[in-house]
Every structure is written in structure tokens, then in C-alpha cells.
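> The structure follows.
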Amino acid sequence: MNMQDFEAQYREAIAETLNDLQTAVLLLTEAQSKISQIGNSVQNLSQRVEEFIAEQKAE
């Protein structure tokens, strides 16, 4: 293997690794957003259940 081949393989491997890293970051951002949405849904559901329980006890 000559120096040019080595350099080409190195650059290709770095580019592929950086693309994989970018993909992972985008997926992580998407997952964080989804986790936040789920957390908000759970909070809303919990609040509604608590309100329903309070209303049932008041009757």
C-alpha cells in the first residue's frame, strides 16, 4: 500500500465515522424530543386522574 492509498482509506474511514456520528446525534435528538413528549403526556394523564379521583371523593 502506498501513501496515497493509505491517505484515501483514512479519509474515507474518517468521513464514514463522522457520518455515523452525525446520524447518532440526530437520532439522540429525536429520542430526547420523544421522551419529553411522553413525559408531558404522563404528567397530563396523571393530573387528569388526580382530578377525577378528587371529584369522586367529593361526591
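> Might you check whether a residue that is within 25 Å of the chain's Cα centre (by Cα) and open to solvent by 90 Å² or more (accessible area, probe 1.4 Å) occurs anywhere in region 3-16?
Yes, that holds for at least one residue.
> For residues in region 31-59 being of a type in the set (D, E) and in a helix (DSSP H, G or I), which is least open to solvent (accessible area, probe 1.4 Å)? So that I can check it myself, show each step before the final result.
Quick first cut of region 31-59, residues of a type in the set (D, E) only: 50-51, 55, 59.
In the following step, the residues that additionally are in a helix (DSSP H, G or I) were identified as 50-51, 55.
Values: E50: 113, E51: 93, E55: 109 Å².
For region 31-59, the residue satisfying everything is E51.
The values are calculated or read from the model by the stated rules, or taken from the named source; none is laboratory data. Values in this document were obtained by computation on a predicted structure and should not be read as measured data. What goes into the accessible areas is simple: the full protein's heavy atoms, side chains included, and nothing from ligands, DNA or RNA. Shrake-Rupley method; radii C 1.70, N 1.55, O 1.52, S 1.80 Å.
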